[in-house]
Amino acid sequence: MNLFYKEIKKQKINLIGDDRSDHFVGVWINRNAKRKRPSDVLLSWKNFLDKLEKEKGHRKATLIMHTEPTDNEGPNLFKVVEMLNIQNNVFFSRERIGFEEMNILYNISDFCMNISYAEGFGLGTLESMMTGTPIVAAKTGGMTRQVVDHRDGTENGVALDIVQKTLVGSQSVPYIYEDYVSCKDVVSGIMKLYNMNKNEKEELSKKVLKYATEEFNLQKTVDMWHTTMINTITKFKKQKLKNKNFTINEF
């Protein structure tokens, strides 16, 4: 057996226990806040477990939630888990951890999930992809470019369609769309990854890592940022020359 996989299995046992060493593992890394939909994540996980038991005859799956379950910005996740009766299938990672520990979380997981209804980018999902771990993510904000390969339309895991948009806002942010995916689609997406055979999972992992490395590498990001800034400044100067002169009068 490859030494890498031996080490991963060892770390998996160390974190979630020997009794879960053969579990299918998902990871959710977000703040426990309303817009991240943590309770819907747990509801989706509960429904996946029910489907798994019905179709496969077992509930060998664990969701790792790297978050604070009692954060005032979100629901009490301990109580939600208890209400859904999935205590044996959810593991809370509550402490602040370093890059090495985060790397372990991604590597012991079969997928990373994010169904936030207002997500600017999705750092956790991209970090997951950098380890070759596929994602189950809503096609909204920056996650769209992650979960869907813009070059050929293929998916780096499961791309969840938006089923409802709401137009909201505040005094500081006048208007913004909130994009919602359905729990039913989340369950189907997780099951799709679960049902892949070993070769399919390995090929998907290679694809995910290759895409993340090519499209989000540091040098390319710096170069694109530089080009964007230069273009913006150049266009601004040209537009300014077209405008009429104006003066500001003091009152």
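The values are calculated or read from the model by the stated rules, or taken from the named source; none is laboratory data. For clarity, every value in this text was computed on a predicted model and none was experimentally measured. Quick reminder, even Gly has a Cβ in these numbers, built from the backbone with ideal geometry, and neighbours come from all protein chains shown.
Considering only the stretch 108-122, state which residues are farther than 17 Å from Val158 by Cα and either at pLDDT 95 or above or buried (at least 21 other Cβ atoms within 10 Å of the Cβ) (or both).
Passing the criteria: only Ile108.
If a residue must be in contact (Cβ under 8 Å) with a residue 60 or more places away in the chain, part of a loop (DSSP other than H, G, I, E, B) and either within 15 Å of Ile29 (Cβ to Cβ) or touching a strand residue (DSSP E or B) at 6+ places or on another chain (Cβ under 8 Å) (or both), how many such residues does the stretch 120-146 contain?
4
Would you be able to tell me the number of residues in the stretch 191-239 that are aliphatic (A, V, I, L, M), within 18 Å of Gly26 (Cα to Cα) and either outside any helix (DSSP H, G or I) or without any contact (Cβ under 8 Å) to a residue 40 or more places away in the chain (or both)?
Qualifying residue count for the region: 1.
Looking at Thr166 and the list (1) of a type in the set (S, T, N, Q); (2) crowded, with 18+ Cβ neighbours inside 10 Å; (3) not in a helix (DSSP H, G or I), which single condition is not satisfied?
(2)
Which of the residues spanning the stretch 89-111 are in a loop (DSSP other than H, G, I, E, B) and either more than 21 Å from Val208 (Cα to Cα) or not charged (D, E, K, R) (or both)?
Arg94, Glu95, Arg96, Ile97, Gly98, Ile108, Ser109, listed by residue number.
For the stretch 125-147, enumerate the residues that are in contact with a helix residue (DSSP H, G or I) (Cβ under 9 Å, 6 or more places away or on another chain) and crowded, with 24+ Cβ neighbours inside 10 Å.
Residues satisfying the conditions are Thr125, Ser128, Met129, Thr133, Pro134, Ile135, Val136, Ala137, Ala138, Met143, Gln146, Val147.
Quick check on Lys54: is it in contact (Cβ under 8 Å) with a residue 40 or more places away in the chain and among the basic types (Lys, Arg)?
no
Looking at the stretch 161-172, can you tell me whether even one residue there is touching a residue at least 12 places away in the same chain (Cβ under 8 Å) and either among the aromatic types (Phe, Trp, Tyr) or under 26 Å from Gly57 (Cβ atoms) (or both)?
Checked against the condition, which is being touching a residue at least 12 places away in the same chain (Cβ under 8 Å) and either among the aromatic types (Phe, Trp, Tyr) or under 26 Å from Gly57 (Cβ atoms) (or both), the stretch 161-172 yields no hits at all.
Tell me the residue from Asp71, Asp22, Asp40 that is among the acidic types (Asp, Glu) and within 18 Å of Ile135 (Cα to Cα), please.
Asp40
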